[in-house]
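This report concerns only the one structure given below.
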Amino acid sequence: MPIPTFSYRHRLSVWRDYRLKMHCCRCEQRSTSIEVAGLIRWHGDKTFAEIVRRLRCMFCRQRPTFLSLVPMSASDTAMKHGGSWSIMLTVEGAAV
Ligand SMILES: [Zn+2]
């Protein structure tokens, strides 16, 4: 199945089977991941433009440096090697 092209106008439900990984360069490349389905439960089916504005690093409370979407089915090993399934979304300077 081809990966849909990401758009900040997409609602979360478009990427329901994915995890949103947040990376924060201020915290020595710390990353945390959240299930998109979980975001829908907490915030409702908002657009990424609305959600990304609210995301904060769990450690320093600043905006994450970049985000990626990783399919739920991807193994942790594949994620570490930046598997072809992950989609990078830059936060800083993002046209939202
Ligand atoms: Zn941080």
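For the range 10-22, what are the residues that are in a strand (DSSP E or B) and in contact with a Leu (Cβ under 7 Å, 6 or more places away or on another chain)?
Initial filter on the range 10-22 (in a strand (DSSP E or B)): 11, 18-22.
Answer for the range 10-22, where residues must be in a strand (DSSP E or B) and in contact with a Leu (Cβ under 7 Å, 6 or more places away or on another chain): Tyr18, Leu20, Lys21, Met22.
Tell me, which residue of the range 4-42 that is within 16 Å of the ligand (Cβ to nearest atom) and touching a His at 6+ places or on another chain (Cβ under 9 Å) is farthest from Cys57 (Cα to Cα)?
Here the answer is Gln29.
Taking the range 42-66, which residues are of a type in the set (D, E, K, R), in a loop (DSSP other than H, G, I, E, B) and closer than 18 Å to Tyr18 by Cα?
Our first condition is that a residue be of a type in the set (D, E, K, R); within the range 42-66, this holds for 45-46, 50, 53-54, 56, 61, 63.
In the following step, the residues that additionally are in a loop (DSSP other than H, G, I, E, B) were identified as 45-46, 56, 61, 63.
Once the filter is applied, which keeps residues that are of a type in the set (D, E, K, R), in a loop (DSSP other than H, G, I, E, B) and closer than 18 Å to Tyr18 by Cα, the range 42-66 yields Asp45, Lys46.
What are the pairs, 6+ residues apart or on separate chains, where a residue within the range 3-25 that is within 15 Å of Arg53 (Cα to Cα) has its Cβ under 8 Å from a residue that is among the basic types (Lys, Arg) and part of a loop (DSSP other than H, G, I, E, B)?
Listed by first residue and then by second, the contacts come to Arg11/Lys46; Leu12/Lys46.
For a quick check of your reading of the model, give me the residue pairs whose first member lies in the range 38-63 and is within 10 Å of Arg11 (Cα to Cα), whose second is outside any helix (DSSP H, G or I) and modelled with pLDDT under 90, with beta-carbon atoms closer than 7 Å and at least 6 apart or on different chains.
Partner pairs satisfying both residue conditions: Thr47/Tyr8; Phe48/Tyr8; Ala49/Tyr8; Ala49/Val96.
Being modelled with pLDDT under 90, under 14 Å from Met72 (Cα atoms) and in contact with a Lys or Arg (Cβ under 6 Å, 6 or more places away or on another chain) is the filter here, so list the residues in the range 13-60 that pass it.
The one that is modelled with pLDDT under 90, under 14 Å from Met72 (Cα atoms) and in contact with a Lys or Arg (Cβ under 6 Å, 6 or more places away or on another chain): Ser33.
The values are calculated or read from the model by the stated rules, or taken from the named source; none is laboratory data. Please read these numbers as outputs of a predicted model, since none were measured by experiment. Every residue, glycine among them, receives a Cβ derived from its backbone with ideal geometry; neighbour counts consider all protein chains shown.
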